[in-house]
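Right, one structure below, let's go through it.
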Amino acid sequence: MGLIRAQWILDDERGPVSDGAVSVEHGQIVHVATGKSSIRRLANDLGEEPIDLGPGILCPGLVNAHAHLELTALGGRLAGEGPFSAWVGHLLRERAACAQSELAQGIRLGEQELLASGTTAVGEISSLAISPHWAADSPMAVRLYHECLDAGDVARTHGVVADLREQLAATALPLAVSPHAPFSVSPDLFTELGELSEAGCLPITIHWAESPEEQQYLLYGEGPLAEFLGPAPRRPGLDLIDEAGLLGPRTSLVHGNYPAAGEPERLAAAGVSLVHCPGTHHFFGRDTFPLDLYRSAGVNLALGTDSLASNKALDMRREMALLRKAQPGLAPADVWCMATRGSARALDLEGKVGSLAPGARADLVLFDVESGQPEAIMDELTGACPPVNALYLEGRLQKGLPRAASASDR
């Protein structure tokens, strides 16, 4: 048992509260106390003095709902200008040119960048054999999604499913699947993955409505993607996902930059989460993200960094700051929720990460804030990339982490 105290604590419901502490046992939060008298009673009950971290605000670790740490080694090699299909082709060539050791080292460096900036849980897309090995050893809370695609070629479908079953059987990690996107997954593969997901109650994540080129291909069989993909389904991507039985509360859709009328309402009705990646959105120079459409419909919203192939940093603090800059009417508390509890729900880890509540993993971050008022603290947390002064994973203090870049470096 341990008792960790700070000048401020971020309560899930009340926001920043002066003088707070959490007790930890077996890697989980057991109690949350605020105020000197409550902390003293808890300390007496536990029979131990609190570890006082001093100034700063004690928060749950940030939750990155969508990442490709496998692509960390490609940081700075690609540009966002030009057709999306050209970027995809460039990415595939650059990745193929990397040695497996370089990609594996990139995953570890990506993990360190996440931890140094206060992220303690991540949804990682696994398309290489190296990712499960990393995830099994990572101190982070990792939701590992096994990526599947057949590029619309039904001749590849059976092999893709067989490979997936083999991967799932070989790992001791909780199972999850990522059908890549409606333009790269055939209806037959979607159907098989839907049956597999239903049988195993598996979490699902899918890239969806990311670019106009995707819509051009799916609906009309036109545009750059049509040049190297098979015949188009001439159907909305969301219909293909829905007909495979993949719209549900354990599914997250990533990007969603170009929803058609009525689609946000369909996501909300099915309990689907939508993951927005502000850094990648900015990298590609997309139109303003239709946040209000999803919020009005009642969709659970989450945040992710995507990869360094389409982003400047793997820093959820920066994602929050970019979102606030692009959506100035969004309240800081709502931005924080997207980066914690909203992302936890998207990963099907609600109540387990992203929250200072009994039963959650004791993944704790002490952010160095200068403000002394609750509203100002929330503004600083979500807009100023405050430094990380201490980080705990499952109640264990992490030492020797590199210092993450400050707001002035971004």
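Computed from the coordinates by the stated procedures, all read-outs in this text should not be read as laboratory data. Treat the numbers as computed from the prediction; the structure is a model and nothing was measured. Cβ: placed from backbone, ideal geometry, glycine included. Neighbour counts: every protein chain shown.
Would you work out the charge dipole size for region 62-346 about its Cα centre, treating the Cβ of every Lys and Arg as +1 and the Cβ of every Asp and Glu as -1, and quote it to the nearest 20 debye?
The calculated dipole for region 62-346 is roughly 840 debye.
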**Request:** Using only Cα positions of the chain, each an equal point scatterer, no hydration layer, compute I(q)/I(0) via Debye at q = 0.07 Å⁻¹ and quote the log10 values to two decimals.
**Result:** -0.32
**Prompt:** Where a Cα-Cα gap under 25 Å defines reach, which lysines qualify for K325, not counting those fewer than 8 residues away within the same chain?
**Reply:** K312
**Complete:** Of the candidates G359, S37, S197, the farthest towards the positive dipole end of the chain (Lys/Arg Cβ +1, Asp/Glu Cβ -1, centred on the Cα centre) is S37
**Request:** Within 10 Å, count the other beta carbons around each residue, average over each peptide in 74-87, 235-248, 191-204, 304-317, and list them highest first.
**Result:** 304-317, 235-248, 191-204, 74-87
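Sort K325, K352 so that the residue with the fewest other Cβ atoms within 10 Å of its own Cβ comes first and the one with the most comes last. Spell out each step's value before the answer.
Values: K325 11, K352 18.
Listed from fewest to most nearby Cβ atoms, that is K325, K352.
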